[in-house]
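Asks: Provided herewith is a single structure, encoded as structure tokens, for subsequent inquiry.
The values are calculated or read from the model by the stated rules, or taken from the named source; none is laboratory data. The model shown is predicted, which means the values in this text are computed figures rather than measured ones. Neighbour counts are summed over all protein chains in view; Cβ atoms, including those assigned to glycine, are modelled from backbone coordinates with ideal geometry.
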Amino acid sequence: MSEPAAKETPPVDVRIGSAPNAVRPVLAAERSIGAGTAQWVSLLAVAGAALIADQLTKQVVGRTLEVGESVEITGPFSLHHVQNSGIAFGLFSSRTTIVIAITAIAVGWMLWFFARSGRRHPVLPVALGLVLGGSIANLSDRVRLGHVTDFLDLEAWPAFNLADMFIVVGVAVVFGALVLADRPRQMNGPRHGDSPLQGR
């Protein structure tokens, strides 16, 4: 008598990311989060709009008010034409060369960071676009003129411009977006004491 034929082993159905099939899901770190074409277009559009808005307002102020002249608007808010050779809100006003170098390095770092992480959160192109546009606007003024034009004055705070405002808002949104982008990973991670086979 011939020996019975051995049973053939059925093929294993492996589906990436399918928890019911007892295989591990694709981790967020394994997906590409580098900026794609859509992210670069959004970043450049926002940065360009911020740059144009800042330069236009500075031109209007420069043609309307003499340096040192101010116009009361409402309450503590006024338009005050000030020339600032430092960074945002008048800091390091006597270190123009250093400020230019630091700003240029910051712009380069932002572009490098965005190239690697542009898809990390949907709001990053807008937020980083504001920071980039504001930084380039003030950088171009310092290189061309040796100073930037500040005109938004709140009395208790040094005068600033739209570029400064874009930078502050953009940095705050970038920070918030990165924190929110990391929260789902922490919330979806294994809880302490759970068995790795639990739920399979």
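Asks: For the stretch 95-126, how many residues meet the condition of being under 18 Å from MET165 (Cα atoms) and either in a helix (DSSP H, G or I) or free of Cβ contacts under 8 Å to residues at least 40 places away in the same chain (or both)?
Replies: Number satisfying all stated conditions: 8.
Asks: For the stretch 102-140, what are the residues that are under 27 Å from LYS58 (Cβ atoms), small (Gly, Ala, Ser) and surrounded by 19 or more Cβ atoms within 10 Å (Cβ to Cβ)?
Replies: ALA127, GLY129, GLY133, GLY134, SER135, ALA137
Asks: I'd like to know if the stretch 127-148 contains one or more residues that are in contact (Cβ under 8 Å) with a residue 12 or more places away in the chain and in a loop (DSSP other than H, G, I, E, B).
Replies: yes
Asks: Continuing with this model, one more query. Please enumerate the residues belonging to the stretch 77-94 that are at pLDDT below 90 and out of contact with any Ser or Thr (no Cβ under 8 Å at 6 or more places or on another chain).
Replies: Listed by number, the residues that qualify are ALA88, PHE89, GLY90, LEU91, PHE92.
Asks: All but one of (1) modelled with pLDDT under 85; (2) surrounded by fewer than 16 Cβ atoms within 10 Å (Cβ to Cβ) hold for ALA181, so report the exception by its number.
Replies: Status for ALA181: all satisfied but (2).
Asks: Between VAL14, VAL46, VAL60, which is of a type outside the set (Asp, Glu), modelled with pLDDT of 90 or more and surrounded by fewer than 14 Cβ atoms within 10 Å (Cβ to Cβ)?
Replies: Just one listed residue meets the conditions, VAL60.
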